[in-house]
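K.L.:
Mind looking over this structure? Questions follow.
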Amino acid sequence: MTTDFGVVPDLTPEQEHESGAPALEAASERRAARRGFLVALPSFAYLVIFFAIPLVIVLVYSFATRNPRGITELRDWNVEAYRALAEPLLRSVLVRTLVLALLTTVICLALSYPFAYYMATRDSEVVRTLLLIGVMIPFWSNFLVRTYVIRVLLSSSGPLSEASQSIGLGEVDIAFSNAAVLIGLVYGFLPFMILPLYAALERIDWNLVEAARDLYASGWKAFRRVVWPLSRPGVVAGCILVFVPSFGAYVTSDILGGAKNPLFGNYIVNQFLQARDWPAGAAVSVVILAVMLIGTLVYFRTGGRTL
Amino acid sequence: MSVQSTARPRGGARWLLAGHAWLVYAFFYIPIIVLFVYSFSGSRLVGQWEAPTLEWYREVFENDNIQRSVWVSVRVAFFSTIISTVLGTMSALALERFRWRGRRVFDALLYMPLIIPDVTMAVMMLVFFVQAFDIIDSIFGTQFLLGFNTILLSHIAFNISFVAIVVRARLASSDPTLEEAAADLYASRWQCFRRVTLPQIMPGVLAGALLALTVSLDDVVITSFVTGPGSTTLPVYVFGLIKRGLSPAINAVSVLMLVVSMALIFGSLLLQRVISRESSLD
């Protein structure tokens, strides 16, 4: 029996008396199903119109033709836009995007795991909550501003450069470089790794570790055989939540990388707002979408249920 | 849950972990503190320190473009929050309390706006509106343009999902037997929702609304694709300023935007405290 509310009042006592129970249950379940659909209908319709259909249109556009005046024409369907991905110019952007997104993910994981472990192993609930709030604040703070902050910090003769000069390390000049973009991406997406890792580590039954230690497992072995496997759903979720937005990053590379170091995101924006080659931009968007879908599938395949 | 003595790292490892944790916090907060301090610096050059001044804040409050864009941001955030809170709450109810065909498809569709990169969603919205306006204009002879309405429609499209995920979590932990009891006592479906379900999920609905408000006020990429002349939001305007070069006024407006973000975060954290206190009373 489902727990749908409002199932029972449909039936007056007389009806209940007359009909057999199984038929009754089937009928009320059908009614509940119809009501569920009706409750979902406004949002369902909204998301179909303003999300699913736009997605299909982008897919269609990626096979369309751009005429010399920069207007997209929905005829002469072709895969030119995808073929361009293999050409040197776009390939170098693809490689840079891929490498930076992977590096961001690895660095975030390396920084976050010990951090989340430290948070999850605090005895006091109050301390754990405070530590968590310390991560929630950057997580929900304005992303543009958090990127700008790094831009100010790294500006030539800016605070970081001055600090390093004063301790005798010389000038730091990494503004508008791949390194600056990498720092910005790590700074921006680090909370996306910490939060799922913390959620996974916090759920671990530490008695299991205790048991492993009692059975003479070394600290390292207890970690490798008990803690790490149990925290893996958090690792996978964190990696996807960092890799997917890094792969589609635009604001970070635009502010910190300058025009010389474009990522896929900058390439897309450029195709749409300046070069007016919409099929080319749409094709790269489809590639990013594919990466997102693969990431989600990996997540659900490895046993994750909710993001 | 208390951590057992042998499960916890000891000696050097323990201090390494603690030191690492504080370094991560320093990484998060030192840049923000630096920005805050330099927003009061008297120097025209960003990142140089001179005698403190409130000049840059005055500049922000006197800038007409900023005033206008704040107003657009507030209107977009207000309307998109209200509409997506209603739609998101209905979605959460439909998914948590009913079984129906198409439920899984809807569930998947509802998740996608949460994980899709901004740039991709921005492209989708732009291409969709241009194509749709093309068709509508050619049939009805109208002249639809990108602007406030397209920004609003796009913000609702991603905010429904944010509200739904928060309300769903609340619904999943609330007690469905109360609803059954109300139904047994011949409450109508509406009474049942109004008197039993809604009061139970209200903190979740409010937390979802605050989240939607935050996300709407933060968005740059999607908005900058579907905006038109005369309807620039604050983040899009500030993004444009940053591209033209650093200025102390950007520092000041950034600090103000961070303060608003943090106020909203503390609001939703307080709400969550109320929620957990309530559930501990049960």
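K.L.:
For residue B:143, indicate whether it is in a helix (DSSP H, G or I), more than 20 Å from the chain's Cα centre (by Cα) and either surrounded by fewer than 23 Cβ atoms within 10 Å (Cβ to Cβ) or not assigned by TED's automatic domain parsing to the domain that holds residue B:94 (or both).
P.N.:
No, not satisfied.
K.L.:
Would you point out which residue out of B:254, B:216, B:247, B:224 is among the hydroxyl-bearing types (Ser, Thr, Tyr), assigned by TED's automatic domain parsing to the domain that holds residue B:127, closer than 14 Å to residue A:149 by Cα and surrounded by 22 or more Cβ atoms within 10 Å (Cβ to Cβ)?
P.N.:
Checking each option against the conditions leaves just B:254.
K.L.:
To continue, here is another question. So, of the residues in the range A:64-92 that are among the aliphatic types (A, V, I, L, M) and touching a Pro at 6+ places or on another chain (Cβ under 6 Å), which turns out to be modelled with the lowest pLDDT?
P.N.:
Of everything passing the filter in the range A:64-92, A:81 is modelled with the lowest pLDDT.
K.L.:
Of all the residues that make up the range A:203-239, how many are within 10 Å of chain B (Cβ to nearest Cβ) and surrounded by 24 or more Cβ atoms within 10 Å (Cβ to Cβ)?
P.N.:
Counting residues in the range A:203-239 that are within 10 Å of chain B (Cβ to nearest Cβ) and surrounded by 24 or more Cβ atoms within 10 Å (Cβ to Cβ) gives 1.
K.L.:
Continuing with this model, one more query. Residue B:260: within 25 Å of residue B:113 (Cα to Cα), touching a Ser or Thr at 6+ places or on another chain (Cβ under 8 Å), within 11 Å of another protein chain (Cβ to nearest Cβ) and part of a helix (DSSP H, G or I), yes or no?
P.N.:
no
K.L.:
Let me ask something else about it. Within the range B:205-225, is even one residue more than 18 Å from the chain's Cα centre (by Cα) and on the phi < 0 side of the Ramachandran plot?
P.N.:
Within the range B:205-225 (the criterion being more than 18 Å from the chain's Cα centre (by Cα) and on the phi < 0 side of the Ramachandran plot), the answer is yes, since at least one residue qualifies.
K.L.:
Out of B:89, B:177, report the one residue that is polar (S, T, N, Q), within 10 Å of another protein chain (Cβ to nearest Cβ) and under 25 Å from residue A:296 (Cβ atoms).
P.N.:
B:89
K.L.:
Could you please let me know if residue B:166 is more than 9 Å from every other protein chain (Cβ to nearest Cβ), touching a Gly at 6+ places or on another chain (Cβ under 9 Å) and in contact (Cβ under 8 Å) with a residue 12 or more places away in the chain?
P.N.:
In short, yes.
K.L.:
Given the structure, is residue B:123 more than 30 Å from residue B:198 (Cα to Cα), part of a helix (DSSP H, G or I) and in the same structural domain as residue B:220 (by TED's automatic domain parsing)?
P.N.:
The answer is yes for residue B:123.
K.L.:
Still on this model: Could you say which residue among B:78, B:128 is under 16 Å from the mean Cα position of the chain (by Cα) and in a helix (DSSP H, G or I)?
P.N.:
When all the criteria are applied, what remains is B:78.
K.L.:
Among the residues of the range A:95-125, write down those that are closer than 18 Å to residue A:227 by Cβ and of a type in the set (D, E, K, R).
P.N.:
The answer is A:122, A:123.
K.L.:
While we're here: Looking at B:114, B:153, can you tell me which residue is of a type in the set (A, V, I, L, M, F, W, C) and surrounded by 15 or more Cβ atoms within 10 Å (Cβ to Cβ)?
P.N.:
Step by step, each of B:114, B:153 is checked, and only B:153 is of a type in the set (A, V, I, L, M, F, W, C) and surrounded by 15 or more Cβ atoms within 10 Å (Cβ to Cβ).
K.L.:
Tell me whether the range A:64-85 contains one or more residues that are more than 19 Å from residue B:128 (Cα to Cα), in a helix (DSSP H, G or I), of a type in the set (A, V, I, L, M, F, W, C) and more than 14 Å from chain B (Cβ to nearest Cβ).
P.N.:
yes
K.L.:
Next question. Filter the range A:119-176 for residues that are among the acidic types (Asp, Glu) and assigned to a helix (DSSP H, G or I); which is modelled with the lowest pLDDT?
P.N.:
Taking the candidates together, the pick is A:162.
K.L.:
Could you tell me which of the residues B:48, B:67 is more than 10 Å from chain A (Cβ to nearest Cβ), at negative phi and free of Cβ contacts under 8 Å to residues at least 24 places away in the same chain?
P.N.:
So the residue among B:48, B:67 that is more than 10 Å from chain A (Cβ to nearest Cβ), at negative phi and free of Cβ contacts under 8 Å to residues at least 24 places away in the same chain is B:67.
K.L.:
Another question about this same structure. Taking the stated definitions as given, is residue A:134 surrounded by fewer than 19 Cβ atoms within 10 Å (Cβ to Cβ) and more than 10 Å from every other protein chain (Cβ to nearest Cβ)?
P.N.:
no
K.L.:
For the range B:170-204, what are the residues that are under 13 Å from residue B:97 (Cβ atoms) and within 27 Å of the chain's Cα centre (by Cα)?
P.N.:
Within the range B:170-204, B:170, B:171, B:172, B:174, B:193, B:197, B:198, B:200, B:201 meet the criteria.
K.L.:
What number of residues within the range B:11-45 are free of Cβ contacts under 8 Å to residues at least 12 places away in the same chain and among the aromatic types (Phe, Trp, Tyr)?
P.N.:
Qualifying residue count, the range B:11-45: 6.
The values are calculated or read from the model by the stated rules, or taken from the named source; none is laboratory data. All values derive from a computational prediction rather than experimental measurement. Using ideal geometry, Cβ is built from the backbone for each residue, glycine included, and neighbour counts are taken over all protein chains shown.
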